[in-house]
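See structure below.
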Amino acid sequence: MTLNDALTDFRTQGMKVWPADLVATLTKHPQDLVELAKSAKFAAIGTTADDFTLPDADGTAVSLGDLTAAGPAVLVFYRGQWCPYCNLTLRTYQVEVVPELGKYGARLAAISPQLPDGSAAVKEAGELGFPVLSDVGNVVARAFGLTFTVDEDVRPTMVKIGADLDRHNGGWELAHPSVVVVGRDRVIRFVDVHPDYTTRTEPAEILDAVKSL
């Protein structure tokens, strides 16, 4: 089963048991985000990423320079610990991607706008062995062109399902789930953005991008 097969299965099973109003919102919202993203300007392959430094779940400062010291960096932008699609994706990357990256001197880091406590929860629950960084205020995600503001009419539903972003993130701006591969020279080599947050970059795609460098 591929990652997206597993994500689809989770969504299909959920739609059978979630309340009708929740199903309606969670069906329309990803479609709206796809339309919104059509006018977005995401980071382009061949451009140079600015260096950044963000705190890991344990407070350790991690920079893009650190991540690219021995090879390319795989930057995984995710929504937060409240998102089951994100949690499934990160666990899959831990099992299927991370063990292969060492062959190429590459490192993976996950980035979200959630507060450090949320990053710590993600790392512990998923038994993740890679940095889980807090980009509070979406400074890094915005530099990659990945951010958007959640519509006000969607916010009550998100609060109802435990995704109160005022509490988790300090605001209602999110980054589209994305994978960005940056070379040792900090040049962006691969970008895959998923405005429909119920889909994600397959592990094989990430490894192919890293191997090509």
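All told, Ala40 falls short of being over 29 Å from Glu152 (Cα atoms) and either assigned to a helix (DSSP H, G or I) or aliphatic (A, V, I, L, M) (or both).
Comparison of Gly102, Gly46 shows that the only residue that is out of contact with any Cys (no Cβ under 6 Å at 6 or more places or on another chain) and at positive phi is Gly46. Tallying residues that are part of a loop (DSSP other than H, G, I, E, B) and either within 24 Å of Val210 (Cα to Cα) or not β-branched (Val, Ile, Thr) (or both) within the stretch 135-183 yields 19. When residues in the stretch 99-117 are screened for being touching a Gly at 6+ places or on another chain (Cβ under 6 Å) and either more than 17 Å from His176 (Cβ to Cβ) or acidic (Asp, Glu) (or both), 3 of them pass.
Any idea which residue in the stretch 162-208 is surrounded by the most Cβ atoms within 10 Å (Cβ to Cβ), counting only those that are of a type in the set (Gly, Ala, Ser) and within 17 Å of Asn4 (Cβ to Cβ)?
If we take residues in the stretch 162-208 being of a type in the set (Gly, Ala, Ser) and within 17 Å of Asn4 (Cβ to Cβ), then Ser178 is surrounded by the most Cβ atoms within 10 Å (Cβ to Cβ).
Of all residues in the stretch 34-50, none are surrounded by 11 or more Cβ atoms within 10 Å (Cβ to Cβ), within 19 Å of Leu133 (Cβ to Cβ) and touching a Ser or Thr at 6+ places or on another chain (Cβ under 7 Å). Contact annotation: residue pairs with Cβ atoms under 7 Å, 6 or more positions apart or on different chains, pairing a residue in the stretch 37-56 that is among the aromatic types (Phe, Trp, Tyr) with a partner that is buried (at least 17 other Cβ atoms within 10 Å of the Cβ) and not in a loop (DSSP other than H, G, I, E, B), are Phe42/Val191; Phe42/Val193; Phe52/Leu64; Phe52/Val140. The number of residues in the stretch 1-18 that are farther than 19 Å from His194 by Cα and surrounded by fewer than 10 Cβ atoms within 10 Å (Cβ to Cβ) comes to 3. Figure legend. Inter-residue proximity from the stretch 59-88: first residues without any contact (Cβ under 8 Å) to a residue 60 or more places away in the chain, second residues among the β-branched types (Val, Ile, Thr) and part of a strand (DSSP E or B), beta-carbon distance below 6 Å, spacing 6+ or different chains. Indicated pairs: Ala61/Thr53; Ser63/Thr53.
Can you tell me which residue within the stretch 22-33, out of those that are surrounded by 14 or more Cβ atoms within 10 Å (Cβ to Cβ) and either of a type in the set (Ser, Thr, Tyr) or more than 19 Å from the chain's Cα centre (by Cα) (or both), is nearest to Asp153 (Cα to Cα)? If we take residues in the stretch 22-33 being surrounded by 14 or more Cβ atoms within 10 Å (Cβ to Cβ) and either of a type in the set (Ser, Thr, Tyr) or more than 19 Å from the chain's Cα centre (by Cα) (or both), then Thr25 is nearest to Asp153 (Cα to Cα).
Here Gln94 clears all of (1) under 20 Å from Ala141 (Cβ atoms); (2) out of contact with any Lys or Arg (no Cβ under 8 Å at 6 or more places or on another chain); (3) surrounded by fewer than 20 Cβ atoms within 10 Å (Cβ to Cβ) except the condition numbered (1). For the stretch 121-161, filtered to residues that are closer than 20 Å to Leu88 by Cα and of a type in the set (D, E, K, R), the residue that is surrounded by the most Cβ atoms within 10 Å (Cβ to Cβ) is Lys123.
Values in this text are rule-based calculations from the coordinates and carry no lab data. Keep in mind that what you see is a predicted model, and the values were worked out from it rather than measured. Please note: Cβ atoms are built from the backbone with ideal geometry, for glycine as well, and neighbour counts cover all protein chains shown.
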